[in-house]
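Written below as structure tokens is the structure these notes are about.
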Amino acid sequence: MYTHLLVPVDGSELSDRATSASLELARKLGARLTAFVAEAMPPLPTMGTAMAAYQRDTEEHEARTEAHAREVLRRFGELAAAQGVPFEGKFKRTDSVDDAIVQAVEEFDCDLVVMCTHGRGALGELLFGSHTKSVMSRCKVPLLVIH
């Protein structure tokens, strides 16, 4: 059935639900997992920002986001190893999380995406958007949405 699951995670309590569900599913299916962390690009400089300060801030942002991604993937990997699930962790900096997830599905040849949704409703989606809906509308593989 499904042999390679992509699990977008960000280290939040909500994404921990996707972690747990994907591990259980992968174990039952005999599938492997690719956890995927998409981190935001550094903010653009503002008017009057000195280039040296911007460079320093950019380097700090990159170090901080990479450390965060590595920690999230390390924790996921430990859980996968404890359950005997083949695991790989991937990290990407992007200005569009949705695009990065859709591209990751193709790049890593996954056949199912397991991700969480806040389930904010129409007003919440209007205000905050929905990564899940965006991925679902553009992805060529099934999504298992955890709420």
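Filtering Asp16, Asp57 for residues that are under 15 Å from the mean Cα position of the chain (by Cα) and at pLDDT below 95 leaves a single hit, Asp16. The set of residues in the range 1-36 being in contact with a strand residue (DSSP E or B) (Cβ under 9 Å, 6 or more places away or on another chain), among the basic types (Lys, Arg) and outside any strand (DSSP E or B) consists of Arg17 alone. Taking the criterion of being at pLDDT 80 or above and of a type outside the set (Val, Ile, Thr), the residues of the range 122-146 that qualify are Ser134, Met136, Ser137, Arg138, Cys139, Lys140, Pro142, Leu143, Leu144. If you go through the range 81-112 and pick out every residue that is crowded, with 16+ Cβ neighbours inside 10 Å, in contact with a helix residue (DSSP H, G or I) (Cβ under 6 Å, 6 or more places away or on another chain) and assigned to a helix (DSSP H, G or I), you end up with 4. Quick test for you: out of Met115, Met47, pick the one residue that is modelled with pLDDT under 95 and assigned to a strand (DSSP E or B). Residue meeting the stated conditions: Met115.
The values are calculated or read from the model by the stated rules, or taken from the named source; none is laboratory data. None of these values were measured; they are calculated from a predicted model. Positions of Cβ are generated from backbone atoms using ideal geometry, with glycine treated the same way; all protein chains shown enter the neighbour counts.
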